[in-house]
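Just below is one structure, and these are the notes that go with it.
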Amino acid sequence: MIFDRLRTRRPAAPTAPTGGCPYAHAHPSAPPPFSEPEPRSVPEPAPAAPPFTDPEQASEFVRRFHREQPAAGAPEERLHAVLDEIGRTGTYVHTPAELAYGARLAWRNAARCIGRLYWRSLVVRDLRHLSSADDLAAECFEHLRLAGNGGRIRPVISVFAPDRPGRPAPRILNQQLVRYAGHHVDGAVVGDPAGAALAARARDLGWKCAEDRFEVLPLLVQERPGERPSWYELPDDAALEVPLTHPEHAWFAELGLRWYAVPAISDMALEIGGVRYPTAPFNGWYMGTEIGARNLADADRYDMLATVAERLGLDTSHDRTLWRDRALVELNLAVLHSFQEAGVTVADHHTESHRFLKHVAQEARLGRPTPADWSWIVPPVSGGLTPVYHRYYDPVDPSLRPAFVAREPW
Ligand code: ARG
């Protein structure tokens, strides 16, 4: 990617003689008016390999950091030091303040996230000195405890070692720190189909599973490409979970549904100023619809709508009876109700939509755009009931940094 960027930025060679050139009046294909010796094949100097970390991205970040944080003073001295460090080592080390601000900017820049109003409050754990699988696992569990905070969820990111020249950083293989396993049994999946591939991988490594519907996956950490990952069972106090009940229907509890409290994405890299942190799990709190309208409802996830509709006594003989829609609302109500009863932070989609527009307005007052992806921002139930539906957003620029980006496989 860095190579591509450099290539596209190089100015194109002029295609025709330009003013000031001795051949300016000649036909472009005419031979030169005097005979030059045939150029001997002098080997072209090999183009210098671009540095591991793109100096332009580094400069852009340092400037932004200083611009948005006037207390940090003028950027020149730091810019000089960063470029010098890149020249010497191929990359540079962020100051703790740069790391913290960069992580918060990555959240602010996340075009798919409706929860960005609180981007300044992100708790940044600087764990860049850690790179062994054991340390990563232990600190991921600590992350979950801090973020779970007994139910008052705090947005937290734990930043582990970055990639360095010739030394890729270790990685977590799980999509999220907490997720449920899926198991193929008699042609169907028991549990979460989204956790089936990782469960299979964990089993290959020796993980013993009970094949429950809500079985928390172990954490898989790979220290180097091609190496056998290590796996770690989550301690009980790390994965806070909420059993689901319904405010009016007692039978709902019998469905045996539950969900975990902390959505902590662990398969995206954090990119700040040209430095890539491939292991930087981060979490916010849940918006109820993520669980009630997607994880438990999608046909390729827990697919619960028919079961809920049946218990509600709905007529499921035709789409037109809107049995899916009615079941969906009750399922979402159960999620919000249960989290609230358990004292675990959760947002409803109406409140979170208003917060998002407040964020957009606040940023606009500061003269900043809020790029947003409409199809991700609008909630998957009652879209048109929320104000985020009724407008468009600043365009998304995939090259915007700092950012959370998909990690390419090793
Ligand atoms: N949608 C994902 C899930 O249901 C989580 C994505 C992040 N969500 C969040 N509220 N921070 O597990």
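Read-outs throughout are calculated quantities, based only on the coordinates presented, and are distinct from any laboratory measurement. This structure is a prediction, so every number in the text was calculated from the model and none was measured. Cβ: placed from backbone, ideal geometry, glycine included. Neighbour counts: every protein chain shown.
Per-structure values
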{"item": "FRET efficiency, E341 to W410 (Cβ-Cβ, R0 51 Å, nearest 0.05)", "result": "0.75"}
{"item": "Where N is the number of residues in the chain, Cα Rg divided by 2.2 N^0.38 Å", "result": "1.23"}
{"item": "Cβ-Cβ FRET estimate between S399 and R120, R0 fixed at 25 Å, reported to 0.05", "result": "0.60"}
{"item": "Length added when fully stretched, R228-Q362, from 0.36 nm per residue minus Cα-Cα", "result": "43.5 nm"}
{"item": "Extension gain (nm, one decimal) between T89 and Q175, 0.36 nm per residue minus Cα-Cα", "result": "27.8 nm"}
{"item": "For peptides 212-223, 228-239, sequence by mean Cβ density within 10 Å, most packed first", "result": "212-223, 228-239"}
{"item": "Theoretical ellipticity at 222 nm over the chain - DSSP helices of four or more residues, -39500 (n - 2.57) apiece, nearest 500", "result": "-9500 deg cm²/dmol"}
{"item": "Region 206-302: relative contact order as a whole-number percent, Cα under 8 Å and 6+ apart", "result": "15 percent"}
{"item": "Length-normalised contact order for the chain - Cα pairs under 8 Å, 6+ apart - percent", "result": "18 percent"}
{"item": "Inter-site label distance for R324 and I265 at 7 Å from Cα along Cβ, in nm", "result": "2.6 nm"}
{"item": "Length added when fully stretched, S375-A299, from 0.36 nm per residue minus Cα-Cα", "result": "25.4 nm"}
{"item": "Distance histogram for region 274-410 (every C-alpha pair counted, 10 angstrom bins, percent rounded to whole numbers)", "result": "10, 30, 33, 20, 7, 1"}
{"item": "Label zone at Y389 (point 7 Å along Cα-to-Cβ), backbone N below 13 Å, region 326-351", "result": "349-350"}
{"item": "log₁₀ of I(q)/I(0) at q = 0.13, 0.17, 0.23, 0.27 Å⁻¹ - region 302-377, Debye sum with one point per alpha carbon", "result": "-0.62, -0.82, -1.02, -1.14"}
{"item": "√(5λ) per eigenvalue of the Cα gyration tensor, region 122-170, largest first, Å", "result": "24, 11, 6"}
{"item": "Rough spin-label spacing in nm, given labels placed 7 Å along Cα→Cβ, for A72 and S317", "result": "6.6 nm"}
{"item": "Computed magnitude of the charge dipole of the chain (debye, nearest 20; Cβ of K, R +1, Cβ of D, E -1)", "result": "1120 debye"}
{"item": "Gap separating the Cα centres of region 363-397 and region 221-274, nearest whole Å", "result": "27 Å"}
